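The next block holds one structure in the form of C-alpha cells; read it before the comments.
The values are calculated or read from the model by the stated rules, or taken from the named source; none is laboratory data. On a predicted model such as this, the values are computed, not experimentally measured, just so you know. A quick note on method: Cβ atoms are made from the backbone with ideal geometry, for glycine too, and the neighbour counts reach across all protein chains shown. All accessible areas refer to the heavy atoms of the entire protein, side chains included, with ligands and DNA or RNA removed. Shrake-Rupley method; radii C 1.70, N 1.55, O 1.52, S 1.80 Å.
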Amino acid sequence: MNKQLKGIIGLGAVLVVLGGGLAALKLTDNSDKDSSSSSSEFTEEKTTRVYGEGIVLVEDSTAQPITPDQIPPDDTDWHMHPAQGIVETLDITNEEGQFTVVKVGYDETRIDEAGNPAMNYTIKGYEDVSMDMPLIGTLVDNVNGITAASVIEENCKDLSKFGLDAPAITAEMKFEDGVVRKYYVGIKNPATPGQTYFKIDGNDTVYTVSDSKLANYYKKPDDFINRQMLEKSSDNNDPIVRSVVIERDDIDYNIVIEYGKNSDDSNAGGSSAKHELIEPVHAYLAVERSESVTNGMFGFTADTVYAVHCTDDDIKNAGLDDPYCRVTMKCDGADEPYVMIFSKVYTNEDDETDRRTNVMLEGGNVIYTISESLVPWINVMPIDIASRLIMTSQVWNIDSMIYETADGRREEFKITPKKNMVRANGDSDDFDVTRNGKLIDSERYRRLYSFLVQSNGEEFALDAEIPSGKPMVSVEYNDCYLNEKHTVEFYDYSAMKTLIVFDGSPKFYGVKSYAQTLADNIARLDTNEEFVTTWK
C-alpha cells in the first residue's frame with residue numbers, strides 16, 4: 001500500500017477517536033513513487049493541502065467524520081460540512097466577561113444554506129431588548145461545524161506558547177441532544193496571518209482556525225444590541241408615513257409634515273414629493289432634501305449604546321428627561337405613533353470635532369448615542385426641505401385665470417376642453433382659450449403659464465407684514481381638477497425682494513426682477529412679442 005495512503009488512513013483513525021473529521025493533507029513524503037502510486041491521485045503534485053486542514057472540530061453527536069475514502073484527489077472544493085444539530089445554548093467567556101447565547105425559535109424571514117428557516121438566538125437577560133439576531137447567530141453558525149486550517153501540534157505539553165494556558169476565549173456549546181462541546185481560543189498565529197490557535201476540551205492537539213469565524217467572540221453583550229432603532233424593510237416597502245411632527249427647543253413653532261391628500265394622483269399636479277409642509281406654513285417639499293426627514297426613522301441606526309435597561313437616572317443623565325428634540329411619526333400599520341427623543345448636542349470629550357446627541361424611542365429601555373451629522377431632525381429648518389414652488393397645478397387642470405398688475409391691467413382667461421377627456425393628459429390643441437372673452441392661441445397662453453410656474457420663493461416670510469397698496473402682480477386661478485381656488489400676490493417689498501402672499505398669508509420672499517418680468521410679459525399679450533423667460 002502506498003505510504004501516503006497509509007498515512008492518511010492512520011491519521012483518519014486518530015481523528016475519529018478525537019471526535020474530529022479528517023481533511024485532505026499536504027504530504028511531503030515522495031520516497032515511494034512506484035507504478036502503484038501513480039494510480040493513486042494522492043501525490044505531491046496533486047495534493048497541496050496543509051496537514052489537518054478541514055478537520056471538523058465542533059459538532060454534535062449526529063455529525064459524521066470525514067473518512068479517507070471521501071477525500072477527493074485534486075484541488076477542487078471538497079470541504080465537507082455534515083448536517084449539524086441545533087444548538088440549545090452557548091456560554092462564552094472573554095476579557096469583557098461572560099454571557100450566554102440562548103435559542104428563541106425559527107425566523108421564517110431568514111433562510112439558511114439548506115433552504116430552511118434560520119434559528120434565531122438572543123443573549124440571556126436581553127430578551128426584552130431589540131437585538132441583532134443575525135449577528136448573534138454568527139456565534140453559533142461560525143463555530144458549529146468549524147474546521148481546522150491546520151494541525152499545529154499534537155499532544156501539546158506547553159499550551160502557553162499558543163495562549164491556551166489562559167485562553168482569550170472559553171466557550172461551551174450545548175446541543176439539543178445533550179451533547180456538549182467545549183473549546184478554547186488562544187492567540188493569533190504570528191506565522192500565518194488570519195489564523196488563531198484553537199483547542200478542543202479533552203484533546204491536547206492545537207489547531208488553527210480562521211480569524212473570521214471567531215471575530216464576534218471578542219464582543220460584549222451590548223455589542224449585539226440592534227442599533228437600527230426602527231427596522232427598514234429589505235425591499236424598501238416601508239409603511240406610508242402619514243405625518244411627522246418635530247418639536248424643538250430652539251424654535252417657537254412645530255414643523256408639521258403630512259402625506260399629501262393628492263399624493264397618489266398623478267394627474268393632480270403638485271411636486272414629486274409625497275409629503276407637504278403644513279406648519280409653520282404650507283409648502284411643497286423637495287424630494288431629495290426631505291426624504292430623510294419624512295422617512296428617516298425607518299432604518300435609523302445609532303453608533304453606540306449609552307445604557308441598556310435604562311433607569312430614570314440614566315434617562316436624566318442622558319438629557320432625555322426633558323428632551324431637546326421630539327419627533328413623532330404616525331404611519332400605516334401602527335396602532336401608536338413612534339416617538340424618538342434627542343438630547344441637546346454635546347461635544348465628545350475625546351474628540352472636539354465629534355458632536356453627538358443621545359437618543360431613545362420614548363418608552364423604550366435602551367439609550368443610544370449618534371453623531372449630530374447623522375440626525376436629520378435636530379437642526380432642520382422648514383426652508384431646508386421646502387421645494388419653494390409657488391404654483392404646481394398642471395396647466396390644463398386650470399379652467400380660469402385672472403392676472404392683475406399694479407398699473408390697472410386685468411387679463412381674464414377661460415380654458416375649455418374641446419372634448420370629454422382627462423384634462424391633465426391634454427395639450428394645447430385639445431383646448432380653447434379665451435382672453436377677455438376673445439379666442440386666442442392656446443399655446444401662447446400655455447407659454448405665459450409656463451413662465452408663471454417658474455416663480456420660486458427664496459426664503460420663508462413667516463412674520464412679514466403685507467405692504468399697503470396694490471401688488472406688482474396678482475394671479476387668481478381655479479384648479480377644477482382639485483376644486484381649489486387660490487390667489488398669489490407679488491408685493492414690492494424692498495429694492496431686491498418681493499413678498500409673495502399665498503391666499504392672503506405671507507409665504508416667501510422672492511426675487512423682485514422676476515415679478516417685474518412677469519408684469520412685462522402680461523403687457524406683451526397685446527403684441528406678438530415672445531415672452532421673456534429669464535431674469536436677474
Counting only residues that are open to solvent by 40 Å² or more (accessible area, probe 1.4 Å) and either within 38 Å of the chain's Cα centre (by Cα) or without any contact (Cβ under 8 Å) to a residue 60 or more places away in the chain (or both), the range 174-183 contains a total of 6
The number of residues in the range 447-462 that are modelled with pLDDT of 95 or more, open to solvent by 50 Å² or more (accessible area, probe 1.4 Å) and touching a strand residue (DSSP E or B) at 6+ places or on another chain (Cβ under 8 Å) is 0
Of (1) in contact with a Ser or Thr (Cβ under 8 Å, 6 or more places away or on another chain); (2) in contact (Cβ under 8 Å) with a residue 60 or more places away in the chain; (3) among the polar types (S, T, N, Q), T100 satisfies every one except (2)
A careful count of residues in the range 218-249 that are more than 14 Å from F300 (Cβ to Cβ) and among the basic types (K, R) gives 4
Those residues of the range 154-172 that are part of a strand (DSSP E or B) and either modelled with pLDDT under 95 or touching a Pro at 6+ places or on another chain (Cβ under 7 Å) (or both) come to a total of 0
- Among the residues of the range 409-419, is there at least one that is among the acidic types (D, E), open to solvent by 10 Å² or more (accessible area, probe 1.4 Å) and at pLDDT below 95? no
Scanning the range 191-230 for residues that are more than 26 Å from the chain's Cα centre (by Cα) and β-branched (V, I, T), the one most open to solvent (accessible area, probe 1.4 Å) turns out to be T192
If we ask which residues in the range 463-494 are in contact with a strand residue (DSSP E or B) (Cβ under 7 Å, 6 or more places away or on another chain) and either surrounded by 20 or more Cβ atoms within 10 Å (Cβ to Cβ) or among the hydrophobic types (A, V, I, L, M, F, W, C) (or both), their number turns out to be 14
Counting only residues in the range 301-313 that are open to solvent by 30 Å² or more (accessible area, probe 1.4 Å) and within 23 Å of R248 (Cβ to Cβ), the one modelled with the lowest pLDDT is identified as D303
The lone condition V475 fails out of (1) within 16 Å of R388 (Cα to Cα); (2) in contact (Cβ under 8 Å) with a residue 60 or more places away in the chain; (3) hydrophobic (A, V, I, L, M, F, W, C); (4) assigned to a strand (DSSP E or B) is (1)
Counting only residues in the range 379-397 that are at pLDDT 90 or above and surrounded by fewer than 21 Cβ atoms within 10 Å (Cβ to Cβ), the one farthest from V245 (Cα to Cα) is identified as Q394
When the range 369-398 is checked residue by residue, the ones that are farther than 19 Å from V293 by Cα and either under 23 Å from the mean Cα position of the chain (by Cα) or of a type in the set (G, A, S) (or both) are S393
Apart from one, (1) surrounded by fewer than 18 Cβ atoms within 10 Å (Cβ to Cβ); (2) of a type outside the set (S, T, Y); (3) in contact with a strand residue (DSSP E or B) (Cβ under 8 Å, 6 or more places away or on another chain) all hold for D321; the odd one out is (3)
Being of a type outside the set (D, E) and either under 20 Å from A523 (Cβ atoms) or free of Cβ contacts under 8 Å to residues at least 60 places away in the same chain (or both) narrows A424, A461 down to just A461
